[in-house]
Amino acid sequence: MIALFDSGYGGLTIFSSVRHLLPQYDYIYLGDNARTPYGTRSFDVVYRFTLEAVKTLFGLGAELVILACNTASAKALRTIQQVDLPRLDPTGRKRVLGIIRPSVEALGSLTPSGHVGIMATAGTVSSQSYVIEMSKFWPGVKVSQQACPLWVPLVENAEYNKPGADYFVRKYTGELLAQDPDIDTVMLACTHYPLLAPKISEALPGGIRLLTQGDIVARSLSDYLARHTELEMSLPRGGSAQFFTTENPDKFAGTASLFFDGGLIVRHIEMA
Ligand code: DGL
């Protein structure tokens, strides 16, 4: 199975695109809603929580885990790939992937002027992961980052489409553009933020392109599976989706239903 993990609802924005492009596989989604947000937590805590999630998802039968969370990708992916994975899966068949690398590859190719903005959690911004990866792939591009710490709570508390959200949308977009008025492309580098995208588009001056990560990650996963045929052949193809949350399943189903049609089966899970 292919598993997607996020601190809460945000990864659903990625899952929705992935399932749309690759509907044939069986999927598991896990949201750590009981401990969200991750974006304000320290490196060690995000790493520990993310490792617990990976172990839980392997225990549920996942062959491939996507950290559909920029904060977890920034703070935990490398250690999990290099240190934990060889121990957790001595056969070497299982994989853990993040979402920063594909996002960076796309971002640099889409900016006409070479001035981009990254809007992300405080944790992703302070990790410098986007700045470091961009300098490797697109050394000529000027990257400005803006931490948006109030946006995840607005999404997790279902306030993202209410008038109260407007103030914080304008505050952070304004602060980003004050750093570099020549920005022509903005990436929402937190998987929760697409729920705020209509308000963010309204707040940005016309002509600035707003990018979300769902389609970028879905296309990158499709390419990855085409290149890793042994893994791809081992994936079950039932077209199913199971949802797990560390919080209340009924509450989770309400938000998940924004992205997926039909009755969703959501179960509570405790992470080990
Ligand atoms: N959705 C997550 C991300 O992409 C993090 C949200 C949070 O828990 O702070 O960074």
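Structure values in brief
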quantity: Check on Thr246, among the hydroxyl-bearing types (Ser, Thr, Tyr) and under 21 Å from Gly98 (Cβ atoms); calculated: yes
quantity: For Leu225: the one exception among (1) more than 28 Å from Ala53 (Cα to Cα); (2) part of a helix (DSSP H, G or I); calculated: (1)
quantity: Unique residue being within 26 Å of Leu264 (Cβ to Cβ) and among the aliphatic types (A, V, I, L, M) when the list is Ile216, Ile200; calculated: Ile216
quantity: Residues located in segment 72-103, provided they are among the small types (Gly, Ala, Ser) and within 14 Å of the ligand (Cβ to nearest atom); calculated: Ala72, Ser73, Ala74, Ala76, Gly98, Ser103
quantity: Test: residue in segment 17-33 that is surrounded by 24 or more Cβ atoms within 10 Å (Cβ to Cβ), part of a loop (DSSP other than H, G, I, E, B) and in contact (Cβ under 8 Å) with a residue 24 or more places away in the chain; calculated: yes
quantity: Restricting segment 111-145 to residues that are farther than 19 Å from Thr212 by Cβ, small (Gly, Ala, Ser) and more than 16 Å from the ligand (Cβ to nearest atom), the residue that is surrounded by the fewest Cβ atoms within 10 Å (Cβ to Cβ); calculated: Gly140
quantity: Scope segment 71-122; condition of a type in the set (Gly, Ala, Ser), assigned to a loop (DSSP other than H, G, I, E, B) and in contact with a Gly (Cβ under 6 Å, 6 or more places away or on another chain); matching residues; calculated: Gly114
quantity: Breaking point among (1) more than 13 Å from the ligand (Cβ to nearest atom); (2) surrounded by fewer than 19 Cβ atoms within 10 Å (Cβ to Cβ), for Pro149; calculated: (1)
quantity: Residues within segment 152-172 that are touching a residue at least 60 places away in the same chain (Cβ under 8 Å) and buried (at least 19 other Cβ atoms within 10 Å of the Cβ), tallied; calculated: 3
quantity: Selection from segment 1-16 of residues that are within 16 Å of the chain's Cα centre (by Cα) and either in a loop (DSSP other than H, G, I, E, B) or surrounded by fewer than 21 Cβ atoms within 10 Å (Cβ to Cβ) (or both); calculated: Ser7, Gly8, Tyr9, Gly10, Gly11, Ser16
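Residue-wise test of (1) more than 22 Å from Asp250 (Cβ to Cβ); (2) away from the ligand (no atom under 13 Å from the Cβ); (3) over 15 Å from the mean Cα position of the chain (by Cα).
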position	(1), (2), (3)
Ala34	no, no, yes
Gly39	yes, no, no
Phe43	yes, yes, yes
Phe58	yes, yes, yes
Ala62	yes, yes, yes
Val65	yes, yes, no
Asn70	yes, no, no
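Quick note: the coordinates plus some simple rules give every number you see, no bench work behind them. Note that the coordinates shown come from a computational prediction; the quantities given were computed from them, not determined experimentally. Because the Cβ atoms are built from the backbone with ideal geometry, glycine has one as well, and the counts that use them run over all protein chains shown.
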